[in-house]
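The values are calculated or read from the model by the stated rules, or taken from the named source; none is laboratory data. Fair warning: this is a prediction, and the values are worked out from it, not measured in the lab. A quick note on method: Cβ atoms are made from the backbone with ideal geometry, for glycine too, and the neighbour counts reach across all protein chains shown.
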Amino acid sequence: MRITQILVIVLLVALFSDNVLGASITYNGLKCRDAVNINDPTFSEIPIQSRFQVTEDVGNGIFRLNLTGGLPRFVNDNQNVCIDSDTAIGFSGIPALDGLPRRLSSISAVAYFDGRDLMITVNSIHSDLSAGRGALSTFSTSFILPISNTLILEYNPQGSSFRLKKLIHNRGLVHTSGSTNSLIPFFETVLPFFNNSTRDEPRVLIPVSNIEYILE
C-alpha cells in the first residue's frame, strides 16, 4: 500500500512540473468499420492509436490536451471495442477560409487529474457534407452533429496506465431545410440530445473489455 502511495506522489510531482508538457497517454486498437454509427463497435483490420498529449498545464490539476487518432467506441454488454476516428474528432471550417468544412486530424481536449481519477472532455462536430439545392427552389443544409465525450479513467500505478471506467457520450442534431417558394421559407431542427432517439438522454457507457491507456 505504501509503495502505491509513493508512486502516486511521484506521478503527481511529474504532472505538476514543467516536464508534463509533451507527456501523453495512448491506447492501441483497430479503426471502426462504420464511421458514424455510434451503436456499432465492429472493428476493421486497420490499426490505429488514440493519443492524448499534454499541451498546457493550466494549474490546479487542469490540463489542455491534444487528441489524435480518435476515441474507443463500445456499447454496454458488448466486448467489441473499436476506435472512432471520425465523429470523435470531427470537422471544422470557415467558408471564406476553408470552403467546405474539412476533416480534422486532431482536436483539443481538457482534463482534470486528482492523483487517482483522470477526467477528459472532448467536444467535436460531425457533418455529412450533404448541403445542397433541390427541385422547386428547395434547399437543405448538412446534418450537423455536435458530439461530447467525457472519459473517466482510473490511474494504475503498477502499470503506469489509466483504465477507462466510464464514457459519457452525447450527440445532438442541427439541420435546416425549406423552399424559397414556401410561405414558411425554412424549417429548423435543433436537438441537444439525439443519441438513440430524438430528445433522449446522454449515454453512460461502461466497457466490458479492458481499455487501458499507457502513460508515456
Screening Phe91, Phe74, Phe63 for residues that are in contact with a Cys (Cβ under 9 Å, 6 or more places away or on another chain) and aromatic (Phe, Trp, Tyr) leaves only Phe74
If we keep only residues of region 147-167 that are touching a Lys or Arg at 6+ places or on another chain (Cβ under 7 Å) and modelled with pLDDT of 95 or more, then the residue surrounded by the fewest Cβ atoms within 10 Å (Cβ to Cβ) is Glu154
Flagged pairs (Cβ under 9 angstrom, 6 or more apart or on separate chains; first in region 108-129, at positive phi; second assigned to a strand (DSSP E or B) and modelled with pLDDT of 95 or more) are Leu129/Phe91
| Check on Asn195, touching a Phe, Trp or Tyr at 6+ places or on another chain (Cβ under 9 Å) and within 19 Å of Ile125 (Cβ to Cβ) | no
Item checked: Filter result for Ser142 (assigned to a loop (DSSP other than H, G, I, E, B) and among the small types (Gly, Ala, Ser)) -> yes
Filtering region 30-51 for residues that are in a strand (DSSP E or B), surrounded by fewer than 18 Cβ atoms within 10 Å (Cβ to Cβ) and touching a Ser or Thr at 6+ places or on another chain (Cβ under 8 Å) leaves a count of 2
* **Meets criteria (among the hydrophobic types (A, V, I, L, M, F, W, C) and closer than 16 Å to Thr87 by Cβ) for Ile211** => no
**OP:** Report yes if Thr141 is at pLDDT 95 or above and either over 18 Å from the mean Cα position of the chain (by Cα) or surrounded by fewer than 17 Cβ atoms within 10 Å (Cβ to Cβ) (or both), otherwise no.
**Re:** no
The number of residues in region 118-138 that are closer than 30 Å to Ala23 by Cβ and at pLDDT below 95 is 0
Turns out the strands (runs of 3 or more DSSP E) fully within region 176-216 with at least 3 residues that are under 25 Å from the mean Cα position of the chain (by Cα), surrounded by 12 or more Cβ atoms within 10 Å (Cβ to Cβ) and in contact (Cβ under 8 Å) with a residue 24 or more places away in the chain are 203-205, 212-215
